[in-house]
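Just dropping this structure here.
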Amino acid sequence: MVIKEVERSLLVSSSKLSAQAIASAVQIYNLDVESTTVLTKAKYAAAPNGDFDEADGYYRNVVSVAPAAGEHSLEDLQQLSRLLQSGGKIIIQEASADSKSTAGPSKNLLLAGFTGASSCPSVQGGALDMLKGNSLTWQAVSAQKPDYAVGAKFALRKKNKTVHNDRPAQVASVWRVETDKDDGDLINEDELLDEADLAAPAPAANDDCDVGKGGRKACKNCTCGRAEGAMPDTAVKVDVNNTYLTDEQRNNPQSACGSCGLGDAYRCAGCPYLGMPAFKLGEKIELAESMMEADI
Amino acid sequence: MTAAVTPAPQILVLYGSETGNAQDVAESLGRAAQRRYYQVRVCSTDSYNVENLPLESTVIFVVSTTGQGDPPESFKNFWRFLLRKSLPADSLSNLRYAVFGLGDSGYVKYNIVAKRLAKRLISLGGAELLSLGLGDDQHKSGFEGTLDPWTAKLWKGLRQHFPLPTGLSDPDDDAPVTELSAPKYKVEWVPMTNSTSSGQVGATPEEEAARAGALLDVAGGVLASTSATDSYGPHNPYFASVLTNTRLTDEGHTQDVRHLEVDLGESGLSYAPGDSLAILPQIPEALVQQFLTRLGLDGDALVRLAKDTGGSTEEVRVRHLVRGGLDFASAPPRRYFFEVLSHFTTSEVEQDRLQYFGSAEGRDDVYRYCNRERRSVMEILEDFPSVRLPLEWLLTVTPRLRPRYFSISSSHAMHPKRAHVTAAIVDWQTPYKRRRSGLCTAWLASLDPSVSKARLAVWVARGSLRLPVEPRTPIILVGPGTGVAPFRSFIQERAMLCEIGAPVGPVCLFFGCRKRSGDFLYAAEWEKYVLKGPLHQEGGLFAAFSQDQPEKVYVTHRIRQEGERLWRLLSTGACVYVSGSSGKMPTDVLAAFEDVVSQHAGLAHEDAKHYLQAMMTQRRYQVETWS
């Protein structure tokens, strides 16, 4: 037996819809009456994530009717988007004083990530019309959830992951990494933060008596004055060009502090020999070939 | 009669590290926890199975934030998972946790990754052991300025949950660590006899090295056993030969970018556009021998490594362990390396320096000497000639040899038995004017397919960029330099679809480089697809050559110029992909798209930002960068 894939639809309204209005919606939007769920917004909003048990991407079509302008907030639309399949269709209907402009609803649809917003026929019917009042007209806009679903075309070999049995079944079923599946909807990481988190950090306080920037320690046999705290900040800066040695420095290297010849590990920040291999005092420094190449 | 022994309480330390600082902190927390009688595991977030997080009882997180507010690469997948809306709000009700962040208060998004993580853990039902600790690079003592008091509080807080067993006492927080804790690896020397053999008969050096690396992971408890699995991966690489190695950039151009074709033969390895090829670099045999000689180690000696779970591994030669397991020739070691070295020197001058480098006080100097200079273990040992490091400590403190990941630049549909790699040969000068080259890329560049019998140890790793399933979805690709590599795979994939007459959505490729004549990678191929194929019609090739005219032109200029076209595609559901080196490029490109949306959709700039933000959470705007 072949089971035909049903196109599930959701019809949400701010107050209970009359049978006439439902019939009108089903007809206008070509919904499958057998698989259309009708809900009031209050019922739906009372259970934002919880017992409204349809999973994400459950519906092919979502129609939402609200008898006031601007009633579909960005949050509302994002929530509805979650319920829609990729490529699914959303129709929002609002009452409006301006029958021509659909700019408001269209913009929010755009911001909620829908594409191709355009106006479409609206649901009509008895009680519904009374709600909006006579001075207003209905406006309906339809848009699509983009078919951006991502996934591998060539599935890699699946690895069998060990699943622990001792965790609560409900958590275990959700805490699953399935490499060939989409992550589903993600929360916006910036909404995790409040203003205090984003406030500019206070500058770190440095003690007055710091010897130099970065709290460098003076060498045991200090000759530069750092040990006495007399080291000016500027002298610590390394001018990289200093590492080019004069012939005298190369052929007959000397060291005031006695550490220069031991290698970079022992050299002071301003040492002209930084970058050079270890050497013996008074003996010519043998340079690797690459070190004598001109700077590019 | 014996008293019932309560098992030591377990702690997991999870870190997300970019430069290695977070790993350093995590490992030192691990050692401190051990001294306090906890059973501790220290794990990077990219090698931890996030499915197990609801089962953990005590986790300490250490995570860094890069300058632009980005999470470390190794943290991204873990974090993406935690952001899933479908995770129940009580998922982590078993979990007690503490978060320490590493950041720099000189940037606006100071420690933002750690702040978000702490908030998300609360919303998943976790219980905070102590409030978020924020390490600050701007602090005069670096992140350690806040880390030390934070860890003191942490140990105190944990004691309330896990009282000390009678008869034991905790070490003093302030006392310096004078004793070395046990090395991570323990070595059993196997007596040599004439008949001793190890490994498989006739195994190549590459195979021996890969096997030794796997044994190291068995001993470290990362891997259960070395028995063969049916899929290729870090512990079971495929040994592939190189079929092509050509230079893509002009000979006169300063940068050398290579096009390599790797033979996947009958391996059955397949890949999707966006996937990466992992390559385990190989250190030249001569260098391995030089290193062994310096350490006074016999490369042919046989050892077994003790396992955590008891027993020991198979026999392996020291030479193979060093060659397949350790990166002693390019990666700078962590600070702990110096602390350990100080115990194995006979010179007072050397010991003094090593102790200083290993201490909190020497942090800045060791950073300048070691990290910024990218000084390898081998080079450091030159400055400390009296150090004799025993093998178990060498294995413990030398950085592990890591695979390098290259975005595959071919489509599997077009090249069923090959994977193409587009690699820039890394070559630079340190602040002290020392010439450095990348371990892996220098080796790759040297391979000559016509003579070399060398095999690359490779496997396929899933990338983060994914083509839309629906081929009609328009795609906008921004890939300056070698960032274009995954997009060549995307475009070839769509070209194959074009060829069989399938409807294919427009593709816009934004490429940037210095000179048209110098480093315009795959120029001829793109031009072919502009005439006929995926870059035709609504799509196109938009290249920016920064040095071909007096004023600099970058991909962001081209994006703004093509605003009208781009908005038309975006409003019909196009996906945007950005790939390339991290730094300013990704932020600049995002700003350019914000301008495009703002200008052509008529949205306020704030709304345009929201629009792109929504695209990102929906994965319609994907970014992959490397440093």
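So which residues of region B:373-422 lose at least 50 Å² of accessible area, probe 1.4 Å, when you go from the chain by itself to every protein chain present?
With the partner chains in place, region B:373-422 has these residues losing at least 50 Å²: B:383.
Name the residue farthest towards the positive end of the dipole of chain B from the options B:593, B:513, B:351, assuming +1 on Cβ of Lys and Arg, -1 on Cβ of Asp and Glu, about the Cα centre.
Of the candidates, B:593 comes out farthest on the positive side.
Quickly work out the residue B:76-to-residue B:500 label distance, labels modelled 7 Å from Cα along the C-beta direction, and quote it in nm with one decimal.
3.0 nm
Here is a follow-up. Summing both sides, how much accessible area is buried between B and A? Use a 1.4 Å probe and give Å² to the nearest 100.
Numbers: alone 29580 and 20660 Å², together 42820 Å².
Looking at B and A, the buried total is near 7400 Å².
Would you mind working out the magnitude of the charge dipole of region B:1-145 relative to its Cα centre, with +1 at each Lys and Arg C-beta and -1 at each Asp and Glu C-beta, to the nearest 20 Debye?
Dipole about the Cα centre, nearest 20: 360 debye.
Moving on to the next point. How much FRET efficiency would the formula 1/(1 + (r/R0)^6) give for residue B:561 and residue A:196, where r is the Cβ-Cβ distance and R0 is 60 Å, rounded to 0.05? Working shown, then result.
On the way: r = 41 Å, r/R0 = 0.68.
It comes to 0.90.
How much length would be gained if the chain were fully extended between residue B:314 and residue B:352, taking 0.36 nm per residue of separation minus their Cα-Cα distance, in nm to one decimal?
9.8 nm
Follow-up question, since we're still on this one. Per Stokes-Einstein, at 10 °C and 1.306 mPa s, what whole-number D in µm² s⁻¹ belongs to region B:10-161, with the Kirkwood radius over Cα pairs as the hydrodynamic radius?
Details: Rh = 15.3 Å.
Once the numbers are plugged in, D ends up at 104 µm²/s.
Now a separate question. In Å², what does the accessible area per residue of region B:10-161 work out to with a 1.4 Å probe? Can you show the working numbers first?
Values: 5510 Å² over 152 residues.
Solvent-accessible surface per residue comes out at 36 Å².
Sticking with this one: At what distance in nm do the modelled label points of residue B:595 and residue A:32 sit from each other, each positioned 7 Å from its Cα along Cα→Cβ?
If labels sit at residue B:595 and residue A:32, their model points lie 4.8 nm apart.
Checking the table B:186/B:307; A:89/A:145; B:552/B:584; B:184/B:307; B:515/B:584 against a 18 Å threshold on Cα-Cα, which pairs fail?
Values: B:186/B:307 8 Å; A:89/A:145 6 Å; B:552/B:584 15 Å; B:184/B:307 10 Å; B:515/B:584 20 Å.
Pairs exceeding 18 Å: B:515/B:584.
Select from region B:533-573 all residues whose loss of accessible area on going from the chain by itself to the full protein assembly reaches 30 Å² or more (probe 1.4 Å).
At a threshold of 30 Å² (probe 1.4 Å), the residues of region B:533-573 that become less exposed are B:571.
Taking R0 as 60 Å, what's the FRET efficiency between residue B:371 and residue A:98 from their Cβ-Cβ distance, rounded to 0.05?
For R0 = 60 Å, the calculated efficiency reads 0.45.
For region B:475-626, what is the accessible area per residue in Å² when the probe is 1.4 Å?
Ligands and nucleic acids excluded, the figure is 39 Å² per residue.
Once the piece of chain linking residue B:148 and residue B:10 is laid out straight, how much longer is it, given 0.36 nm per residue of separation minus the C-alpha distance between them?
On the way: separation 138, 0.36 × 138 = 49.68 nm, distance 2.17 nm.
Stretched out fully, the residue B:148 to residue B:10 stretch lengthens by 47.5 nm.
How far apart, in nm, are two points set 7 Å out from the Cα along the Cα-to-Cβ line at residue A:173 and at residue A:23?
Placing both labels 7 Å along Cα→Cβ, they lie 3.9 nm apart.
Still on this structure, I have one more. Taking R0 as 25 Å, what FRET efficiency do you get between residue B:430 and residue B:517 from their Cβ-Cβ distance, rounded to the nearest 0.05?
0.25
I'd like the carbon and sulfur percentage of the solvent accessible area for region B:12-125, probe radius 1.4 Å, heavy atoms only, ligands and nucleic acids excluded.
With neighbouring chains kept in place, the figure for region B:12-125 is 45 percent.
Take peptide B:607-619, look around each residue's Cβ out to 10 angstrom, count Cβ atoms belonging to other protein chains, and average those counts.
5
The values are calculated or read from the model by the stated rules, or taken from the named source; none is laboratory data. The shown structure was predicted, so the numbers you read here are calculated from the model rather than taken from an experiment. Glycine also receives a Cβ, built like all others from the backbone with ideal geometry; neighbour counts cover every protein chain displayed. In case anyone asks, the SASA skips ligands and DNA or RNA and just uses the protein heavy atoms, side chains included. Shrake-Rupley method; radii C 1.70, N 1.55, O 1.52, S 1.80 Å.
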